[in-house]
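Scroll down for the structure; my scribbles are underneath it.
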Amino acid sequence: MDKPFYCLFVLSLAMTPVAARPQDLPSQPKPEGKVCVASISNLSTRPAMLDRLAERLSSDLREDKINALTMESATTTDHKLHPTTENGEEAKSSNCDYILLTQIVNPKASSLQPQSAQISIGGKVPSIDASDPLGGSSGPVHRDNVQISFALFPVERLKPVLDTVMLAQPSGSASDNLLPAMDRESNRVSRELKKK
């Protein structure tokens, strides 16, 4: 190789910026992106119909003109939300741009961990649900809130575009358990994707 050409080649390589890894690049939400909703993890002591909740999230997003589908792979059971290998592989095979992770926990169980901003849905109020086996004729029952953590990750990125926590009060009816919380979560995700 000609020496002047070789020097010019080496110099041009030295001046070329090193490409950042995809997971380190900042990500801007895009409303046309496809969202894969992972199966919800329930680490609380409250029973929840997880398949129905995940499908409610997907359905709410579709109603808000977001392309969404429910995945088979589950949200991690680690306290800090992050996509698992299974989430990533399934999202790629479904041509998704985002992975939505959701986790239900008892607030007391995670109170030792630093928390992001919390959104309260309802308060601790007596249950007057006629289908509640502990409510109705036996009198009002106080229910503890549960914490719902959710995060929206771009596929192949480690940094979420949305990572938040909200408090929700489960209803007494297993069939309606936490559905209002899923509606609020989908609204928050839709707003984030439609920014700009």
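Ratio of Rg to Rh for region 26-93: 0.98 [Cα atoms; Kirkwood radius as inverse mean 1/r over pairs]. For the listed residue pairs 108/159; 34/80; 80/194; 80/159; 92/195, the alpha carbons are over 18 angstrom apart in 108/159; 34/80; 80/194; 92/195. Peptides 81-89, 49-57, 99-107 ranked from most to least packed, by the mean per-residue count of other Cβ atoms within 10 Å: 99-107, 49-57, 81-89.
Laboratory data are not the source of any read-out in this text; all were calculated from the coordinates shown. These figures come from a predicted structure and were not determined experimentally. Ideal geometry is used to build each Cβ from the backbone, glycine not excepted, and the neighbour counts take in all protein chains shown.
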